[in-house]
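In what follows, a structure is listed as structure tokens, so that the remarks can point back to it.
The values are calculated or read from the model by the stated rules, or taken from the named source; none is laboratory data. This one's a predicted model, so the numbers in the text were calculated from it and none came from an experiment. Virtual Cβ from ideal backbone geometry, glycine too; neighbours counted across all protein chains shown. Ligands, DNA and RNA are excluded from the accessible area calculation, which covers all protein heavy atoms including side chains. Shrake-Rupley method; radii C 1.70, N 1.55, O 1.52, S 1.80 Å.
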Amino acid sequence: MDFQFTEEQEEVRRSIREFAESEIRPHVMEWDESQHFPHEILPKLASLGVMGVTFPGEYGGAGLGYIEYSIIVEELARIDGSVSLIVAAHNSLCAGHIFIAGSEEQKRKYLAPLARGEKLGCWSLTEPQAGSDAGGTRTTARLEGDSWVLSGSKTFTSNGSYADICVVMAVTDKTAHKHGISAFIIEKGTPGFRPGKKENKLGFRASDTAEVIFEDCRIPRENCLGEPGEGFVDSLRVLDRGRISIAALAVGMAQGAYEASLSYAKQRRQFGKRIAEFQAIQWKLADMSTEIDAARLLTLRAAQLADLNQRVTRAGAMAKLYAGEVAVRVASEAVQIHGGYGFIKDYPVEKFYRDVKLCTIGEGTSEIQRLVIAREILE
Ligand SMILES: Cc1cc2nc3c(=O)[nH]c(=O)nc-3n(C[C@H](O)[C@H](O)[C@H](O)COP(=O)(O)OP(=O)(O)OC[C@H]3O[C@@H](n4cnc5c(N)ncnc54)[C@H](O)[C@@H]3O)c2cc1C
């Protein structure tokens, strides 16, 4: 066992931190308030290899591992959860699904431009009536000659309004239940495919969360991704790994909120002392730092298992559950340490407080993570 990062991993952290500090931090509140989707930084992220972190060079990726990917997602989230989520949804979900289930031709045609950052991806599983119970999908796809024809709509798709490539799950055989849902690749501009309502959110306001709509949308037969009927089962594998990035995202936001609180506690004076001298504040900082370390270790353990190509269902769910709940606790204490100023938008903890809650909801709620962990333990 080795708790040291390699020199290369430290370099990844340094370069992403530098980028996030200089190119993202100055705009965070402006993007948040105007709900501006930061297109302009996507080419820069692509030049750093961030749009295809874990995919091999032959498919346009940076060829790095899940440890490096976790470091990248964490460092982006330390400054802005929204940018981090844009990257995570693109990498883990859309590109990740094509990587694990796609044919060689699909990988060359769709994964490579995604991984090079020439195209942006989204992944649509959730529907208004099928959230935690995603097996209850109602969007359908029927085979007509050499085409699949999709009808229905998806909700809460990250990057949904802007994506060039969408991976979507639809029912192809109602009688086969979870083995009757298939995955499809759809390109922007395909007739019958369009984004719908863009959600106005509590947090992650610079990330895009939108409806995507399919109205008799006809796509070539070869755009079925993976085996017909196995799209839902493949989605669960995609989510297993995706949860590692949501855990890293939670760790990053918790770290950002903690650092802001540490620095504030050393400066703010009350009763003639720096508030960091009060034991009540010291204990908060000690708990925050300890819990963030524990969450990071769980995340990196899951990332290492992914790098070793081992099953990550339990480790990923544990990391996501714990890190998400830690982020909520840490952001709440961060506001408390800032007192009234924590409630004001001039200080970064106000935004962390709003953003972190998503980590206990997206890619499976905390309740669903406990269900997954319990199932694994009892198996
Ligand atoms: C900002 C944002 C981005 C998102 N991005 C994407 C995306 O890119 N692609 C995508 O497909 N989806 C995305 N989602 C959807 C997200 O994954 C779902 O919101 C989530 O899985 C929960 O589904 P739901 O909202 O329908 O809640 P519900 O499933 O209706 O859950 C409501 C409550 O009931 C609880 N519950 C449900 N079932 C059980 C059970 N069996 N046992 C115990 N408790 C239960 C839940 O834990 C929750 O507390 C996103 C959501 C948000 C908010």
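Tabulated values for the structure
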quantity	calculated
Unit charges on C-beta of K, R, D, E only; dipole of the range 229-277, Debye	540
Centroid-to-centroid separation of the range 332-379 and the range 1-30 [C-alpha atoms, Å]	22
Equivalent ellipsoid semi-axes - Cα gyration tensor, the chain, angstrom	36, 21, 20
Apportionment of accessible area to carbon and sulfur, the chain, percent (1.4 Å)	52
Nearest-ten-degree value, helix 7-19 long axis tilted from longest Cα axis of the chain	80
Positive minus negative residues near SER153 (Lys, Arg vs Asp, Glu; Cβ under 11 Å)	+1
Alpha-carbon centroid distance for the pair the range 131-162 / the range 231-245, whole angstrom	17
Additional length obtainable on full extension of the chain from SER332 to ALA374, 0.36 nm per residue less Cα span	12.3 nm
Selection from GLY362, GLN270, ALA315 lying farthest towards where the dipole of the range 268-379 points positive, charges on Cβ	GLN270
Centroid-to-centroid separation of the range 32-49 and the range 80-97 [C-alpha atoms, Å]	12
For the range 231-337: accessible area per residue (Å², 1.4 Å)	43
Two-site FRET efficiency, ARG142 against LEU202, from Cβ-Cβ distance with R₀ of 41 Å, rounded to 0.05	0.60
Degrees separating the helix 313-338 axis from the principal Cα axis of the chain, which is the longest one	40
Within-10-Å neighbourhood charge of ALA265 [Cβ basis; K, R +1; D, E -1]	+3
The range 186-334 shape via C-alpha gyration tensor axes, a/c threshold 1.5	oblate
For the range 28-143, the spread of Cα positions along each principal axis, largest first, Å	42, 38, 25
Zone of LEU48's modelled label, taken as backbone nitrogen in the range 22-38 under 20 Å from a point 7 Å along Cα→Cβ	22-32, 36-38
Under 15 Å, Cβ to Cβ, from ILE337 - net charge with Lys/Arg +1 and Asp/Glu -1	+1
Length gained when the stretch SER15-TRP283 is fully extended (0.36 nm per residue, less Cα-Cα span)	93.2 nm
Estimated 222 nm signal from helices in the chain, with DSSP H stretches of n ≥ 4 weighted -39500 (n - 2.57), rounded to 500	-14500 deg cm²/dmol
Gained length - GLN35 relative to GLN270, 0.36 nm times residue gap less alpha-carbon distance	81.0 nm
Nearest-ten-degree value, helix 231-267 long axis tilted from longest Cα axis of the chain	20
Normalised convex hull volume, the range 176-238, alpha-carbon set, Å³ per residue	132
In range of the label at LYS174: residues from the range 209-253 whose backbone nitrogen is under 18 Å from the point 7 Å along Cα→Cβ	216, 229
